Amino acid sequence: CTFFRRSRPLLVFFRRSRPLLVFFRRSRPLLVLQISLLQERDKRAKWHGIPTLLQRLYESSHPNSDLSNAYSFLKVLSSQLSMEAMSFVTEDRKTAQESTFPNTYTFDLFGGVDLLVEILMRPTLTMQKNKNNMNDDLVKECLSVLYNCCICTEGVTKSLAARDDFVLFLFTLMTNKKTFLQTATLIEDILGVKKEMIQLEGIPNLSGLVQSFDQQQLANFCRILSVTISEPDVGNDDKHTLLAKNAQQKRIASPSRAEVNQVTLLNIPGFIERLCKLATRKVSEATGANFLQELEDWYTWLDNALVLDALMQMATEEAEQSSTESSDESSLATSPLRHRLPQSMKIVHEIMYKVEVLYVLCVLLMGRQRNQVHKMLAEFRLIPGLNNLFDKLIWRKYTATNHVVHGQNENCDCSPEISFKIQFLRLLQSFSDHHENKYLLLNSQELNELSAISMKANIPEVEALVNTDRSLVCDGKKGLLTRLLTVMKREPPDSSFRFWQARAVESFLRGATSYADQMFLLKRGLLEHILFCIIDSGCTSRDVLQSYFDLLGELMKFNIDAFKRFNKYVNTPEKFQTFMTQINSSLVDSNMLVRCIVLSLDRFESQTEDVKVVEVLSECCLLSYMAKVENRLSFLFRLINIINVQTLTQENVSCLNTSLVILMLARRKAKLPFYLNALREKEYAEKYPGFLLNNFHNLLRFWQRHYLNKDKDSTCLENSSCIPFSYWKETVSVLLCSDRTSLCAIASYIDEPFMDLYRDLLED
C-alpha cells in the first residue's frame with residue numbers, strides 16, 4: 001500500500017487569549033539600517049513598524065544581552081501579525097501571496113526568519129562558557145512564529161529544510177516538554193518538503209531521545225517518523241507504470257534511506273513494545289446522550305493530535321493561572337475555553353494517537369525487516385490488544401450513521417474516526433498478507449474449528465496453524481477476523497469502508513490455498529454476502545467491486561463447496577447474467593476472479609472420480625460457462641488487448657499473468673498451438689494483423705525482465721496458481737522462442753510484413 005496519509009491540518013498555536021503569529025517569504029539577511037531611515041520609509045511603504053521592531057529584536061538578541069527584551073519585541077511582532085495568521089487558517093487555506101499577507105511578507109523580507117533561526121541556534125554556536133539560557137517562552141514563540149511563516153509564506157519551509165544543521169538542531173529541542181509540541185509541528189512541516197530524506201542515525205542520541213519521551217510525546221513523534229520511513233511518493237502506486245518504477249529502482253541505491261531509517265528505529269530498545277502498548281491501551285468511554293454530536297462537532301476541524309495537545313495544554317495552563325488568581329472554581333468551569341472542550345475530546349485524542357502509531361507499524365510491516373517486526377508484534381500481543389478494543393473503540397456501535405462523512409468526497413479522511421478505522425484495516429491487511437502469523441487473528445476455539453474442518457475433510461492441517469502459539473492468539477468469544485466479518489456484513493451499501501474490509505479479509509486467504517481457511521469463512525456466510533454486494537446491492541464503485549472480485553477469487557479457488565454455494569445463490573439466468581456483466585465491465589478489476597475460475601475448472605476436470613465434483617461440474621453455471629473454449633478465448637483476447645508494456649502498472653499487470661495462466665493450462669493439454677492460432681485468426685478478423693501477437697510478445701519480454709529480477713519474489717505467482725514458477729518461466733521461454741518452425745512460438749503466427757517483435761521496450 002502506498003500505502004495512505006491524510007493531508008495535515010494547518011495549525012496556529014494559541015497563547016492564552018491571544019493567538020501566536022504568522023509570517024513570511026524567502027528570507028534575506030537582516031538589513032542593519034538606521035532607525036530614523038526605517039521609520040521614514042515605513043510610513044510610505046506601510047510596513048507597520050515591522051522593520052524597526054526586527055532591528056530592535058536583532059540588537060537585543062546579541063550574545064550576553066538581556067533576552068527578556070528580545071522576548072518583548074517578538075511578542076509585539078507576533079501580535080501585529082496574528083490577524084494574517086488567523087485569516088490564512090479561516091479563509092479556506094488559500095495559497096499564500098504577498099498581497100494577501102503584507103505584514104508576513106515584510107517580516108520575511110527584512111530577514112525575520114533568519115534572525116529567529118539564529119536566535120534559536122545561538123547557544124550551539126557560541127564558545128562562551130557562561131551562556132545565557134534561553135527562556136522556554138522565547139523558544140516557543142520563535143518556533144510558533146517560524147511555523148506560521150511556513151504556512152503563510154511560500155518558500156520559507158523549503159529554505160528551512162535546506163539547512164541540515166537547523167533540522168538536526170530542532171530534534172534537540174524535543175527533549176524539553178514545554179517546547180515539544182511547537183518543535184514537533186515545525187519538524188513535521190519541514191521534513192514534508194525536504195528534498196532528501198533525513199537520516200535518523202544522524203540525530204544526536206536518537207535512542208536516548210525516544211526513550212525519554214512519554215507516551216503522549218512518542219505518539220506525536222510518530223507523525224515525524226512517518227515521513228522518514230515511507231518511500232517517497234512517485235505518483236499513485238497503482239497508476240505509476242512498472243517501466244518507470246523499475247527504472248527508478250535501478251537508479252536508487254539499495255537499501256534506500258527509508259529502509260535504513262526503519263532499521264535504525266527497530267534497533268532502539270523497547271520502541272516496538274511501547275508502540276504496541278500505545279496502540280492497544282484502553283480509553284475511558286464518555287457518557288451522555290450528546291456524546292456522538294459532540295464528537296462529530298469536533299471532527300469538523302480537529303484531525304491532528306498535536307492540535308488537541310495544544311488545546312489540552314492551554315486548558316491546563318489556564319487552570320493553573322485561574323487557581324492562583326481565584327479560589328472560585330466555578331469561574332474556570334464557565335470560561336469560554338472550558339466550555340468548548342467537551343469530555344469526548346479525550347477519545348478523539350486517543351484515536352489520533354492510535355492513527356499515528358498504527359501507520360508507523362504498518363509501514364514497518366511492509367518493509368524488508370518484516371519478519372523481525374512480525375515476531376515483535378506477536379510477542380507484545382498487538383492483535384489480542386486490538387481485538388479487545390474492537391467493539392468499544394475501533395468499531396463502536398452508534399445510534400446514528402456508522403461513520404462521519406465530510407464534504408463531497410465520501411472517502412474524505414479528515415475525520416479521526418474514519419482515519420482510525422482505515423488505518424486499522426490496512427494494518428490487518430499488512431499483518432495477514434502471506435504470513436503464518438495470520439492465525440493470531442483467531443481465538444483458541446476458532447483454531448480448534450479449523451483443525452476440525454481439516455480432520456473432517458481428511459486433509460492435513462496447515463503447518464502454520466499447527467505452529468501457532470496459542471498464548472498469543474485473541475481472547476474472548478470472537479477473534480479479530482470474526483469481528484471484522486460481522487461488521488463487514490452490516491456495512492451500509494454506500495460505506496467507504498467496504499473496500500478496506502474486503503482487502504483485509506482477502507489478505508487472510510492469500511498465499512497457499514487453505515481449504516480449512518476457506519470453509520471457516522464460507523460457514524460464516526461470506527460468499528453469499530459478496531455475491532449480494534456484486535449482484536443485488538447496486539454497488540457501482542469500481543474499487544469496491546474489484547476488492548470483492550479479488551476476495552471471491554481467493555474464497556472459491558479450488559473449493560468445490562464454494563462453487564456449489566455459488567450455484568445455489570446465483571439460481572436464475574438473470575442473476576447469472578448480472579454477475580457476468582459485472583465481470584465483463586472491467587477485466588482489470590475482475591481478472592483475478594477469472595483466473596480463479598480457470599484454475600479451479602482445470603483441477604476439477606482432473607478429479608472426475610469424485611462424485612461431488614462431477615455433480616457440481618455438471619450443474620454449476622459458472623464452471624459450465626468457463627468450460628466452453630470460445631469463452632476462455634474471449635477472455636484471452638481482451639486480457640491481452642487492454643494492456644501494453646507502456647501502460648503496465650501494479651494494478652493491471654495481473655491481466656498479463658491471467659492470460660499466461662490460460663496459456664499454461666492449454667500447454668499442459670498440448671493445445672497451445674490452437675490458442676495461438678485463434679489469436680492470429682482474431683487479428684485477421686479485426687483486419688489488424690499482428691496487433692495482438694506483437695503486443696503479447698513484447699509483454700512477455702517485459703515479464704522476463706520484471707519477474708526474473710533477483711529482487712522479485714516469485715512465490716506469490718506460484719502460491720496463487722499452484723503452478724511451479726519453473727513452469728511459468730519455461731512457458732514464457734517457449735512462447736518467445738525465435739524459431740519460426742516451432743508451433744508453440746508466437747513468432748510462428750505473425751506474417752513477416754507485420755512482425756514487430758524486437759523493438760525497444762522503452763519506446764513509446
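The values are calculated or read from the model by the stated rules, or taken from the named source; none is laboratory data. Remember, it's a predicted structure, so these values are computed and weren't measured experimentally. No Cβ is skipped: glycine too gets one built from the backbone with ideal geometry, and neighbour counts run over all protein chains shown. Note: accessible area is taken over every heavy atom of the protein model, side chains too, but ligands, DNA and RNA are not part of it. Shrake-Rupley method; radii C 1.70, N 1.55, O 1.52, S 1.80 Å.
Maximal additional length on extending the Ser65-Met83 stretch stands at 3.5 nm, based on 0.36 nm per residue less the C-alpha distance. Net charge dipole, the stretch 546-667: roughly 100 debye, given to the nearest 20, about the Cα centre with Cβ charges of +1 for Lys and Arg and -1 for Asp and Glu.
Suppose accessible area is computed on protein heavy atoms with a 1.4 Å probe; arrange Met83, Met626 from highest to lowest.
Working: Met83 140, Met626 5 Å².
Greatest to least solvent exposure: Met83, Met626.
Compute the signed sum of charges (Lys and Arg +1, Asp and Glu -1) over the other residues within less than 12 Å, Cβ to Cβ, of Ala279. That works out to +3.
Applying 0.36 nm per residue to the separation of Arg470 and Lys564 and subtracting their alpha-carbon distance, the gain on full extension is 30.5 nm.
Provide the net charge surrounding Leu441, with neighbours chosen by a C-beta distance below 15 Å and charges set as Lys +1, Arg +1, Asp -1, Glu -1. With Lys, Arg at +1 and Asp, Glu at -1, the net is +2. Among the trypsin sites (Lys or Arg not before Pro) in the stretch 515-570, those located in a DSSP loop and surrounded by at most 13 other Cβ atoms within 10 Å of their own Cβ are Lys523.
The shape of the stretch 545-674 can be summarised by an equivalent ellipsoid whose semi-axes, obtained from the alpha carbon gyration tensor, come to 24, 18, 13 Å from longest to shortest. Phi angles of the stretch 436-452 translate, via the Karplus equation with coefficients 6.51, -1.76, 1.60 and θ = phi - 60°, into HN-Hα couplings of 5, 5, 4, 6, 6, 6, 10, 9, 4, 4, 6, 5, 4, 5, 4, 4, 5 Hz per residue; Gly and Pro are given as x. Annotation: for a label point projected 7 angstrom from Cα along Cα→Cβ of Glu259, residues of the stretch 351-370 with backbone N closer than 11 Å are 367-369. With both labels modelled 7 Å from their Cα along Cα-to-Cβ, the Lys628 to Tyr688 distance reads 2.4 nm.
Probing with 1.4 Å while keeping every protein chain in the model, the per residue accessible area of the stretch 642-740 equals 43 Å². With the highest mean first, a sort of the peptides 516-522, 680-686 on other beta-carbon atoms found within 10 angstrom per residue produces 516-522, 680-686. Summed over the residues of the stretch 432-527 and divided among them, the accessible surface reaches 41 Å² per residue at a probe radius of 1.4 Å.
Taken one residue at a time, the phi angles of the stretch 462-473 give Karplus couplings (6.51, -1.76, 1.60, θ = phi - 60°) of 5, 4, 4, 5, 4, 7, 5, 6, 5, 6, 10, 7 Hz. Gly and Pro are set to x. Per-residue packing, averaged as other Cβ atoms within 10 Å, sorts the ranges 525-534, 448-457, 211-220 into the order 525-534, 211-220, 448-457, beginning with the highest. Just need log10 I(q)/I(0) for the stretch 147-189 at q = 0.15 Å⁻¹, Debye formula, equal scatterers on the alpha-carbon atoms, no solvent, rounded to two decimals. Listed by q, the Debye log ratios stand at -0.35.
Computed from backbone phi, the HN-Hα couplings of the stretch 369-383 come to 8, 4, 5, 5, 5, 4, 4, 6, 5, 5, 4, 8, 6, 4, 5 Hz, rounded to whole numbers (Karplus: 6.51 cos²θ - 1.76 cosθ + 1.60, θ = phi - 60°; Gly and Pro given as x). Rolling a 1.4 Å probe over the protein heavy atoms gives the stretch 545-594 an accessible area of 32 Å² per residue.
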